Amino acid sequence: MNLSPVPIAVRYTAAPESQQVTDWAPRIAWVIGLLLVVALVYWLMREGWKWRSVLQSDLPELPQAPADPGEPRLTMTGRYHGSTTAGQWLERIVAHGLGARSRVELTLTEHGVGVARPGANDFFIPAGRLRGARLDKGIAGKVLTEDGLLVITWEHGDRLLDSGFRSDRAAEHAAWLDALRAMSTGTGSGTASGTASGTADEPHGTTEAAATKHHEEGAR
């Protein structure tokens, strides 16, 4: 009888398993399909942005700061979160670069509010066009914490706009709110649109009504 261990070892040695072959075709097709969906969504967003800009082509050029804006009363650094039609927190204004979110430096003087935006269009809100201010939590589709946003309501052309700002130091919002409301009360009467004189446009010219309308829409 042959008791040599060599044949036994050979007999019970496990046969090497063949490696599983990866089928790359479905994976490549899936990746290409995903990229096409992303590209389509981006294209639709871009076209929607362009179309909105066309619809808002009647909006005049943004006012610029006067040569002598006056001594600063308040300053703020933070972020600009966009502008909308007053009281319509999802109706974004994109004309003249108002739709671009950016860093911002706000300066309040006796002549109005200077809005300096690195990498985007600067503009100025004249004191005579201020219509109110409030603390809110969302604008232009951006939702923040409760009262985390300073919203300035102002008149531009024949529209009332809400522009949203968030300070790097939230405690600054209260001082800005008081100062803006005081300026709006002192300069907001007798406008052509009738926003402060109690006409039919009053719901858009009062910050309380705008805030109420915003929250009613958010609840739907």
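The values are calculated or read from the model by the stated rules, or taken from the named source; none is laboratory data. All values reported here derive from a predicted model rather than from experimental measurement. Cβ sites come from the backbone with ideal geometry, for glycine too, and all protein chains shown count toward neighbours. Surface accessibility is based on the protein's heavy atoms, side chains included, excluding ligands, DNA and RNA. Shrake-Rupley method; radii C 1.70, N 1.55, O 1.52, S 1.80 Å.
Quick notes
- At most 15 other Cβ within 10 Å, DSSP loop - trypsin sites (Lys or Arg not before Pro), the range 100-180: 101, 169
- The order of 107, 153 by accessible area, most exposed first and with a 1.4 Å probe, is 107, 153.
- Label-point separation, residue 146 to residue 58 (7 Å along Cα→Cβ), nm: 3.9
- Overall form of the range 106-152: oblate. Here a/c, set by the Cα gyration tensor axes a ≥ b ≥ c, is 1.5 or more, and a/b is not larger than b/c.
- Segment residue 122..residue 175, full-extension length gain: 16.8 nm, with 0.36 nm per residue of separation and the alpha-carbon distance subtracted.
- Of the GluC sites (Glu not before Pro) found in the range 79-170, those that fall in a DSSP loop while having at most 12 other beta-carbon atoms within 10 Å are 110, 146.
- Using the 1.4 Å probe convention, the accessible area of the range 125-169 works out to 32 Å² per residue with neighbouring protein chains retained.
- Surface share of carbon and sulfur [accessible, 1.4 angstrom probe, percent] for the range 69-117: 50
- Accessible surface, 1.4 Å probe, highest first, among residues 162, 168, 68: 68, 168, 162
- The range 46-174: C-alpha gyration tensor shape, a/c 1.5 cut-off, then a/b vs b/c: oblate
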